[in-house]
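Read through the structure below, which is laid out as structure tokens, and then see the notes.
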Ligand SMILES: NC(=O)c1ccc[n+]([C@@H]2O[C@H](COP(=O)([O-])OP(=O)(O)OC[C@H]3O[C@@H](n4cnc5c(N)ncnc54)[C@H](OP(=O)(O)O)[C@@H]3O)[C@@H](O)[C@H]2O)c1
């Protein structure tokens, strides 16, 4: 059978790479779009067997080229997203204008399905540009194309993320860890493999819900997540609630860096819980399970941040005693 062609924007990211592996192993042909083939080609081309992956360079949103790519695909998946603005990368053009364009073109081309990644918990974040632009983007997608499916994940984690890995680096280096909003913000972390499986099931046509909130099996507060990360890297740190004004001043300083650890916009976003809203069905409601447990999964890669590295693992030590 000729493999179906799936066009993926933002394919080189955490979710994209996992999804390419899942799709191509299951006989789909993926066309992965990246802004810079020289920077991202090496990481993309190792995700699939020869013949199953084509890498296309698209440095900017060129309508004619996007149209040509859509002509060749049955399903399009948009994974493009940013956590902070820099140079010409503004939240509005990435999170609202591009999904608007892509969904209009997808409707014109009458493609089988458009899967768009938005975010959970953005409805109430009225002072976060990330949240506002993401919400506008998902609304545009739904209005423009009735066969679009919007996925709203909570925090997605894995060894490839920039969440648990960054925090483990910070916890390793800093003697104290600031807690924003006393660490009370709640999340429903979902492992990237579980999310990739959900997207795969949608590609396969197992569900047809227009908006799905994608969550893992547990609700954890920010403080609980930090405590779990500390436990897995065998470290003890002082956790200090940071007054909001001070948190915003430090974030302003971080914003000068090319890849800021935290921004004022992210602090505003953290004010709201990142858990199911009750407005839409979750993956569990639709029978799409995501059962990977946070503790168990981070334990599989946290040895990189432990003193002694991989061979500090308890299992290894027991075996060799
Ligand atoms: N990870 C999470 O915890 C999480 C949670 C909720 C929602 N989401 C959403 O899920 C989607 C995928 O997340 P992810 O974690 O896989 O993201 P990621 O690792 O940051 O990757 C996003 C991709 O977007 C592309 N990109 C970034 N800026 C771009 C620009 N200006 N123009 C074109 N492409 C650009 C990059 O591809 P190239 O550099 O190859 O062009 C990058 O590989 C995003 O929409 C994100 O907002 C993620």
Could you check how many residues of region 37-50 are in a helix (DSSP H, G or I), in contact with a strand residue (DSSP E or B) (Cβ under 7 Å, 6 or more places away or on another chain) and more than 11 Å from the ligand (Cβ to nearest atom)? 1
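Which of the following residues is in contact with a helix residue (DSSP H, G or I) (Cβ under 7 Å, 6 or more places away or on another chain) and either within 12 Å of the ligand (Cβ to nearest atom) or within 30 Å of residue 244 (Cβ to Cβ) (or both): 170, 195, 174? Before you say what the answer is, go through the steps one by one.
Working: 170 fails: in contact with a helix residue (DSSP H, G or I) (Cβ under 7 Å, 6 or more places away or on another chain); 174 fails: in contact with a helix residue (DSSP H, G or I) (Cβ under 7 Å, 6 or more places away or on another chain).
Unique residue meeting the criteria: 195.
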Test for residue 257: is it surrounded by fewer than 15 Cβ atoms within 10 Å (Cβ to Cβ), free of Cβ contacts under 8 Å to residues at least 60 places away in the same chain and part of a loop (DSSP other than H, G, I, E, B): yes
When residues of region 51-72 are filtered for being more than 12 Å from residue 7 (Cβ to Cβ), in a loop (DSSP other than H, G, I, E, B) and under 26 Å from the mean Cα position of the chain (by Cα), how many remain? 5
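In region 294-309, which residue that is touching a helix residue (DSSP H, G or I) at 6+ places or on another chain (Cβ under 7 Å) and part of a helix (DSSP H, G or I) is surrounded by the fewest Cβ atoms within 10 Å (Cβ to Cβ)? Write out each step before concluding.
Residues of region 294-309 that are touching a helix residue (DSSP H, G or I) at 6+ places or on another chain (Cβ under 7 Å), as a first pass: 294-295, 298-299, 302-303, 305-306, 309.
Next, only the ones that are part of a helix (DSSP H, G or I) stay: 294-295, 298, 302-303, 305, 309.
On the way: 294: 24, 295: 13, 298: 24, 302: 21, 303: 19, 305: 22, 309: 10.
Here the residue is 309.
Would you check if there is a residue in region 69-77 being more than 17 Å from residue 24 (Cα to Cα) and more than 14 Å from the ligand (Cβ to nearest atom)?
Quick first cut of region 69-77, residues more than 17 Å from residue 24 (Cα to Cα) only: 69-71.
Checking the rest, the ones that are also more than 14 Å from the ligand (Cβ to nearest atom) come to 70-71.
Within region 69-77, one or more residues are more than 17 Å from residue 24 (Cα to Cα) and more than 14 Å from the ligand (Cβ to nearest atom).
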Considering (1) under 16 Å from residue 154 (Cβ atoms); (2) free of Cβ contacts under 8 Å to residues at least 60 places away in the same chain, say which one residue 230 fails and leave the rest. (1)
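When you scan region 130-152, do you find a residue that is in a loop (DSSP other than H, G, I, E, B), within 15 Å of the ligand (Cβ to nearest atom) and at pLDDT 95 or above, even just one?
So in region 130-152, the residues in a loop (DSSP other than H, G, I, E, B) come out as 145-147.
Then drop every residue that is not within 15 Å of the ligand (Cβ to nearest atom), which leaves none.
Taking every residue of region 130-152 in turn, none turns out to be in a loop (DSSP other than H, G, I, E, B), within 15 Å of the ligand (Cβ to nearest atom) and at pLDDT 95 or above.
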Do you know which residues across region 210-254 are out of contact with any helix residue (DSSP H, G or I) (no Cβ under 7 Å at 6 or more places or on another chain), in a loop (DSSP other than H, G, I, E, B) and surrounded by 16 or more Cβ atoms within 10 Å (Cβ to Cβ)? 215, 217, 219
Being surrounded by 21 or more Cβ atoms within 10 Å (Cβ to Cβ) and under 16 Å from residue 75 (Cβ atoms) is the filter here; which residues of region 88-114 pass it? 99, 102, 103, 106, 114
Log entry, pairs with first residue in region 211-227 being closer than 29 Å to residue 174 by Cβ, second being surrounded by fewer than 16 Cβ atoms within 10 Å (Cβ to Cβ), beta carbons closer than 6 Å, six or more apart or on different chains, reads 221/184
Residues of region 142-170 being surrounded by 20 or more Cβ atoms within 10 Å (Cβ to Cβ), touching a residue at least 60 places away in the same chain (Cβ under 8 Å) and in contact with a strand residue (DSSP E or B) (Cβ under 8 Å, 6 or more places away or on another chain), in sequence order, are 148, 149, 150, 151, 152, 153, 154, 155, 156, 157, 158, 164
Exactly one of 77, 82 is in contact with a strand residue (DSSP E or B) (Cβ under 9 Å, 6 or more places away or on another chain), part of a strand (DSSP E or B) and within 30 Å of residue 264 (Cα to Cα), and that residue is 77
From (1) buried (at least 19 other Cβ atoms within 10 Å of the Cβ); (2) more than 10 Å from the ligand (Cβ to nearest atom); (3) more than 27 Å from residue 274 (Cα to Cα), pick out the condition that doesn't hold for residue 34. (2)
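The values are calculated or read from the model by the stated rules, or taken from the named source; none is laboratory data. Keep in mind that this is a model prediction, so the values were computed, not measured. No Cβ is skipped: glycine too gets one built from the backbone with ideal geometry, and neighbour counts run over all protein chains shown.
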